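Below: the structure, in structure tokens.
Please treat every number below as a calculation from the coordinates, not as lab data. Since the structure is predicted, the reported quantities are computational estimates derived from the model, not experimental observations. Cβ coordinates were reconstructed from backbone atoms using ideal geometry, including for glycine residues, and neighbour counts include every protein chain displayed.
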Amino acid sequence: MPVSVYIPSPFRRITAMHERVQVEGATVGEVLDAVEALYPGFADLVYDSDRHVPTHINVYLNNQEIHELAGVDTPVSEGDQVAVIPALAGGAGGRS
């Protein structure tokens, strides 16, 4: 079942600059693993050393954060969209 995966700008160096990739999988985790199979190094960007999605990476299934669902075990269906979004940091800093 094909699923579309949105790849954010900072991660596109791994995916040959593709913004979206089509992969197959039965769960969000299988989908992420399928992207890793196509583009080695992708998993290093979305998983921590324990193979969990860290808090600074948000993964969405059809605009719903997977931590609100079943995490990487959340089932996917044909035509679903997965988005991987890294948290942004920054601020005004010390302006004078």
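Annotations for the structure displayed:
- Hull-based mean projected area of segment 1-94, where the convex hull spans the alpha carbons, in square nanometres: 6.8
- The GluC sites (Glu not before Pro) of segment 1-70 that meet both conditions, a loop assignment by DSSP and at most 12 other Cβ atoms within 10 Å of the site Cβ, are 19.
- Charging the Cβ of each Asp and Glu at -1 and of each Lys and Arg at +1, and nothing else, the dipole of the chain about its Cα centre rounds to 580 debye.
- Of 20, 12, 51, the residue with the greatest mean-square motion in the GNM of the chain, using alpha carbon springs below 10 Å, is 51.
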